[in-house]
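The values are calculated or read from the model by the stated rules, or taken from the named source; none is laboratory data. These figures come from a predicted structure and were not determined experimentally. We place every Cβ from the backbone using ideal geometry, glycine too, and count neighbours over all the protein chains shown. Protein only, heavy atoms only, side chains kept; ligands, DNA and RNA dropped before computing areas. Shrake-Rupley method; radii C 1.70, N 1.55, O 1.52, S 1.80 Å.
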Amino acid sequence: VPAFVIAIRVCDELGRHDDLAALLERLEPLRGEHAVGPGVFTVGPVELALGRGALALGRLDAAVDDLGVAVDAADRAGAPGFGAEARVRLAAALLERGHRGDQDRAAVLARDGARLVRALGMTAWSDRAADVEGRLRRTRVPELSRREAEVAGLVAEGLSNRQIARRLVVSERTAETHVQHILTK
């Protein structure tokens, strides 16, 4: 089992997607297990490797499912390093998938994963965690204020800036400013 997990990591790094897909099939029946070798050698929950492989292959729903299981499995096993890796990878998968609520969930996971990475001194993961956090900051859509949401609703109804100004009893310039802020956000 550890050999399959390590092979998945190598294939992912080398971009060997055909081999990666074959390895995922071989590892699939071992869900729920931890990849443990002789002595205390471990390479984490099997779902961590499955999720990593699915993410590399663009199978985002499978990646999100498996990496979510990996986070829980690592936490239950008291393996914070694998938990940190799973959180960072899951945040990246959610960000890439982009379903409703994914960005908020990714933000929490990225923050928690980065905190674990720093606390554990996982220098190899520092850049990856920072990269995911940076991608989140760049893609984060600011929320509209209550007034901006109201103006956006009027724009959606097809009202002009002048009509919006009359409806809200504000100047046309104020209505234009609200519309501009909405477009910027």
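General remarks:
- Among the residues making up region 22-58, those that are small (Gly, Ala, Ser), outside any helix (DSSP H, G or I) and closer than 17 Å to Phe82 by Cα are Gly32, Ala35, Gly37, Gly44.
- Restricting region 1-10 to residues that are within 25 Å of the chain's Cα centre (by Cα) and free of Cβ contacts under 8 Å to residues at least 40 places away in the same chain, the residue that is surrounded by the fewest Cβ atoms within 10 Å (Cβ to Cβ) is Val10.
- Lone qualifier among Val117, Val88, Val132 - being touching a Phe, Trp or Tyr at 6+ places or on another chain (Cβ under 7 Å), in a helix (DSSP H, G or I) and touching a residue at least 40 places away in the same chain (Cβ under 8 Å): Val88
- Taking each residue of region 159-177 that is under 16 Å from Arg146 (Cα atoms) and open to solvent by 60 Å² or more (accessible area, probe 1.4 Å) and looking for partners that are part of a loop (DSSP other than H, G, I, E, B) and not basic (Lys, Arg) with beta-carbon atoms closer than 8 Å, six or more apart or interchain, yields Arg167/Leu159.
- Filter result for Arg167 (among the charged types (D, E, K, R) and in contact with an Asp or Glu (Cβ under 8 Å, 6 or more places away or on another chain)): no
- Enumeration of residues in region 11-21 that are part of a helix (DSSP H, G or I) and either in contact with a Ser or Thr (Cβ under 7 Å, 6 or more places away or on another chain) or surrounded by fewer than 13 Cβ atoms within 10 Å (Cβ to Cβ) (or both): Glu13, Leu14, Asp18
- Checking Thr123 against (1) β-branched (Val, Ile, Thr); (2) more than 17 Å from Ala3 (Cα to Cα); (3) surrounded by 18 or more Cβ atoms within 10 Å (Cβ to Cβ), the condition it does not meet: (3)
- Candidates Gly158, Gly153: the one that is among the small types (Gly, Ala, Ser) and in a helix (DSSP H, G or I) is Gly153.
- Yes/no for Ala73 being of a type in the set (A, V, I, L, M), assigned to a helix (DSSP H, G or I), open to solvent by less than 60 Å² (accessible area, probe 1.4 Å) and farther than 21 Å from Leu20 by Cα: yes
- Condition check for Arg100 on (1) surrounded by fewer than 23 Cβ atoms within 10 Å (Cβ to Cβ); (2) assigned to a helix (DSSP H, G or I): one failure, at (2).
- Test: residue in region 131-150 that is open to solvent by 70 Å² or more (accessible area, probe 1.4 Å) and over 30 Å from His178 (Cα atoms): yes
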